[in-house]
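The values are calculated or read from the model by the stated rules, or taken from the named source; none is laboratory data. Because the structure is a prediction, the values reported are computed rather than measured. Cβ placement follows ideal geometry from the backbone for every residue including glycine, while neighbour counts extend to all protein chains displayed. Just so you know, the surface numbers come from the protein's heavy atoms only, side chains and all, with ligands and any DNA or RNA stripped out. Shrake-Rupley method; radii C 1.70, N 1.55, O 1.52, S 1.80 Å.
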Amino acid sequence: FCLSNFSPPLKSPKDIVWTYRAHGPFAASSAQGSFTVLLTLRLLGRDHLDQGVTPLFSYKAEKDGKMLEADLTCLYKASTWREAKTDVVHAECKSFSGFERQDLIRMKSMSEAFPGSTLIFATLRDSLEKPDIKLIRPFVLAERQKRLRHKPYSPVIILTGTELFSFRGIVDCWKGKGGLFDQLSERSYELSDLSKLADATQQLYLHLPDYYDWSEAKWNKRKIKKGPP
């Protein structure tokens, strides 16, 4: 690493154990998720030239005696040319490793400290593994329940290498992938809204139904339980 001390091997080559290691900026041993943070930031501000994004990188803070931590927090505005609300966005970023319970706890803490903020789980892998889905999905369903009850909730966005590595934008990168990817790419006019983007990525990577289909099913189930008036 830069400015660190390094002692070159002075022994005979026969006595040195040689190994191979990844080389380059995306080597997991050196990047440690930093490039995922930068790619997430690039994605948030690239689709429209009038978007406003103010980032804060990898920090720790304290609120009411509770420690808060995120890889990336942004003030996000869909447009700086017209009236638009400012969203608070928190991101947990991984390179090619899976998400852990501690990552989920950090995002839950952010959601509680900033009610209504948007949460992002970003990874450079092409999809989520089963343990990731098992970890994140119950949390997303709990946030959907809050929304159903008209309480402050956190839209949860899932980003993978499909979106982060794309030079074509978050909608165009889904075109041609088939199935649900193609269907959702046709709703580009809606995906500038972070809650709409959250709903789309939850369908793609957590295998959840569309929020409105899900909420309608919930209401119908409640009506059946209550019975006829």
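With the requirement that a residue be out of contact with any helix residue (DSSP H, G or I) (no Cβ under 7 Å at 6 or more places or on another chain) and within 15 Å of Thr36 (Cβ to Cβ), what does segment 124-161 give you?
Across segment 124-161, the qualifying residues are Asp132, Gly161.
Starting from segment 194-213, keep only residues that are more than 14 Å from Leu148 (Cβ to Cβ) and in contact (Cβ under 8 Å) with a residue 24 or more places away in the chain, then list their pairs with residues that are of a type in the set (Asp, Glu) and open to solvent by 10 Å² or more (accessible area, probe 1.4 Å) whose Cβ atoms are within a distance under 8 Å, requiring at least 6 positions of separation or different chains.
Final answer for the pair search is Leu194/Asp87.
Restricted to segment 80-106, and to residues that are touching a residue at least 40 places away in the same chain (Cβ under 8 Å) and either within 11 Å of the chain's Cα centre (by Cα) or farther than 18 Å from Lys134 by Cβ (or both), which residue is surrounded by the fewest Cβ atoms within 10 Å (Cβ to Cβ)?
Phe96
Pairs, please: C-beta under 9 Å, at least 6 apart or cross-chain, first residue without any contact (Cβ under 8 Å) to a residue 12 or more places away in the chain and in segment 108-128, second of a type outside the set (A, V, I, L, M, F, W, C)?
Sorted first by the residue in segment 108-128, then by its partner, the pairs are Glu112/Lys66.
For segment 26-41, which residues satisfy the criterion of being modelled with pLDDT under 90 and either open to solvent by less than 80 Å² (accessible area, probe 1.4 Å) or part of a strand (DSSP E or B) (or both)? Spell out how you get there, then give the answer.
Residues of segment 26-41 that are modelled with pLDDT under 90, as a first pass: 26-35.
Across segment 26-41, the qualifying residues are Ala27, Ala28, Ser29, Ser30, Ala31, Gly33, Ser34, Phe35.
Can you tell which of Ser166, Ser188, Ser154 is of a type in the set (Gly, Ala, Ser) and modelled with pLDDT of 95 or more?
Ser154
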